[in-house]
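Below is one structure, written out as C-alpha cells, with a few remarks after it.
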Amino acid sequence: MGAVRVALLQMTGRGNDLEANRAKGESFCRRARAMGADIALFPEMWSIGMTFFDAEREGDRERWQSQAVGRDDPFVTHFRDLARELNMAIALT
C-alpha cells in the first residue's frame, strides 16, 4: 500500500443549516477525492457550526442539545453513502 492522502477540509459552515452544510460538505469531499484524497476530515462541529448556548437563558442548553445528530440521522447517512460512492473515508463531526 502506498501513501494515504488526507484532506483537512478547512471551510466555514453555514450555522445550524444542515441542508446548506450537507451540500457544501459534499462539494468539498468531491473536490478532495478528485485531488487524490483517501480521507476527508471535517472541521469541528461541522453539522451545526460553532454555535453555543447561553447558560443564563432558560431552555437554551436544551435547544442547543436538540441540534445534535445521531449515527442514523439523514445528515450522517448522506455522508456514509457519499463515502461509499467516492471510495474514501469521511470523518464527519
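Here are some notes:
- Given (1) 13.0, 37; (2) 12.9, 40; (3) 14.9, 54, the label whose value is Rg and Dmax of the Cα atoms in Å derived from this model: (3)
- Accessible-area composition of the chain, carbon plus sulfur, in percent [1.4 Å probe]: 51 percent
- Against the main long axis of the alpha-carbon atoms of the chain, helix 18-34 sits at an angle near 20°.
- Ratio of the Cα radius of gyration of region 1-41 to 2.2 N^0.38 Å, where N counts its residues: 1.29
- Between Arg63, Arg31, Arg22, the GNM of the chain built on Cα springs shorter than 10 angstrom shows Arg63 fluctuating the most.
- With protein chains left intact and a 1.4 Å probe, residues in region 1-72 average 70 Å² of accessible area per residue.
- Working note: 222 nm ellipticity from helices only, DSSP H runs with n ≥ 4, each -39,500 (n - 2.57), summed and divided by the residues of the chain, gives -12000 deg cm²/dmol to the nearest 500.
The values are calculated or read from the model by the stated rules, or taken from the named source; none is laboratory data. Not measured: the values here are computed from a predicted model. Keep in mind that these areas ignore ligands, DNA and RNA; they rest on the heavy atoms of the full protein, side chains included. Shrake-Rupley method; radii C 1.70, N 1.55, O 1.52, S 1.80 Å.
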